[in-house]
1. Given the options ALA320, ALA349, name the one that is among the hydrophobic types (A, V, I, L, M, F, W, C), closer than 21 Å to GLY169 by Cβ and out of contact with any Lys or Arg (no Cβ under 9 Å at 6 or more places or on another chain).
2. Being touching a residue at least 60 places away in the same chain (Cβ under 8 Å), closer than 24 Å to ALA253 by Cβ, outside any helix (DSSP H, G or I) and of a type in the set (Phe, Trp, Tyr): is that true of TYR313 here?
3. Can you name every residue in segment 62-83 that is aromatic (Phe, Trp, Tyr) and open to solvent by 20 Å² or more (accessible area, probe 1.4 Å)?
4. Go through segment 248-264 and give me each residue that's surrounded by fewer than 23 Cβ atoms within 10 Å (Cβ to Cβ) and in a helix (DSSP H, G or I).
5. Give me a count of the residues in segment 320-341 that are among the polar types (S, T, N, Q), touching a residue at least 40 places away in the same chain (Cβ under 8 Å) and either touching a strand residue (DSSP E or B) at 6+ places or on another chain (Cβ under 7 Å) or within 21 Å of LEU248 (Cα to Cα) (or both).
6. Scan TYR10, TYR42, TYR3, TYR22 and give me the residue that is at pLDDT 95 or above and over 27 Å from TYR175 (Cα atoms).
7. What's the number of the only condition in (1) in a loop (DSSP other than H, G, I, E, B); (2) surrounded by 24 or more Cβ atoms within 10 Å (Cβ to Cβ); (3) modelled with pLDDT of 95 or more that ASN350 fails to meet?
8. Which of the residues spanning segment 342-369 are touching a residue at least 40 places away in the same chain (Cβ under 8 Å), under 21 Å from ALA25 (Cβ atoms) and among the small types (Gly, Ala, Ser)?
Amino acid sequence: MPYVKEVFNYLKRSSPSQTEFYQAAEEVLESLRPLIEKYPKYAKHKIIERIVEPERQIFFRVNWVDDNGEIQVNKGFRVEFNSALGPYKGGLRFHPSVNAGVIKFLGFEQIFKNALTGLQIGGGKGGSDFDPKGKSDNEIMRFCQAFMTELFRHIGANTDVPAGDIGVGAREIGYMFGMYKKLANRYEGVLTGKSLLWGGSLGRTQATGYGAVYFAKYMLEARNETLENKICVVSGSGNVAIYTIEKLYQIGAIPVTCSDSRGMIYDKEGIDLELLKELKEVKRQRLTEYVKHRPNAIYTPVEEYEEGTNAVYNIPCFAAFPSATQNELNLKDAKNLLANGCICVSEGANMPSTPDAVNLFIKEKIAYGPGKAANAGGVATSQLEMAQNASMVNWTFEEVEAKLEQIMKNIFETTSKTATEFGEPTNLVLGANIAGFRKVADAMIEQGLV
């Protein structure tokens, strides 16, 4: 379709060297072809041209002092992509890989993910190339405070509400919230993922992982399948992976893997969840420590992975939950999964599968839940935290989890119904992209050219 191709080519010219952003944009734009052909109003109103350009991009310098008294300089980012449905909403990522292209890809995905939740939140993303690993608490505090001295000008409870992402947990949110409160002289729900002591929501920590499992549950129920007693593989060992594993156990599945940047664990008897939580959430240690406590588990360092593969996806399984980072699952990994009996992939991370891997999953018609649908539970529960802050009430864990499960069910039904409407009932990538885009696009048309 020349129109879509022209927009994508323009994007490459106007935003050079942003590979991850191109990948995310191309996936969405290609999915929109049948919608644009059926409803020419979107082309008439130039919605695609408008939606691929952020409403605002904020890049800034972050100066801070380390424990040795040395001045350090990092880059800070906040991309406020689209506010047609509500305040910008999306996490902050602190990781050396962060650059403008990564933040734009994450923010672009966030637009449609947030739309799918059915809640009043727009799309945004931010972060820094700062690496929290190996830093003291005081260094992290000083960085977070320096980061917020610029970011505070651009955010607010009804403007832009950041949350956590890779490298940003409750500790970092706390330091940033404290500085925001001091600078803005307001105590408001400007960040989500806060401590339960001062405005956080029960269930927020678990939400992304739980949501990915709920999405898999509904995909499989539609095929008269279940996760009960099934072997599952999970990548990552951060917040998303840990609570994916927890929810898998709660519904009777058997998660047997986890991983970090240096290697992976295969525990045939099932991952020891309490040990994993202690190592990663309390002691902040590497997975090499896991096998010291579980001698029957196997640790494989990255250097020993088969070339061009992620060892997590070499383990025979019924379902896979990529929960680490973007592009961690390639075509070779996808082939290994299918050859080893995997019939379900539910993405806890953002864009963890490469385009070739996604195309194979779609072609083979497995139960494949793309990240913008399957991992939307995190941002959905962030919005529930915003609602609690605005009304100055606290909901029980059971209330939050019930709302989360219903939201994930609604997302599955919406994506499935939309995929069926456009003639590909098993293609939830198509369903998620069209459903999310259509909701935002219609709002943009109704709000005029702004």
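The values are calculated or read from the model by the stated rules, or taken from the named source; none is laboratory data. Keep in mind that what you see is a predicted model, and the values were worked out from it rather than measured. Reconstructed Cβ throughout: ideal geometry from the backbone, glycine too, with neighbour counts over all protein chains shown. The accessibility values were calculated without ligands, DNA or RNA, using every heavy atom of the protein model including side chains. Shrake-Rupley method; radii C 1.70, N 1.55, O 1.52, S 1.80 Å.
1. ALA349
2. No; evaluated as a whole, the condition is false for this residue.
3. Across segment 62-83, there are no qualifying residues.
4. Scanning segment 248-264 gives TYR249, GLN250.
5. Result for segment 320-341: 2.
6. After applying the criteria, what remains is TYR42.
7. Result: ASN350 passes all but (3).
8. ALA349, GLY369 - these are the residues of segment 342-369 that are touching a residue at least 40 places away in the same chain (Cβ under 8 Å), under 21 Å from ALA25 (Cβ atoms) and among the small types (Gly, Ala, Ser).
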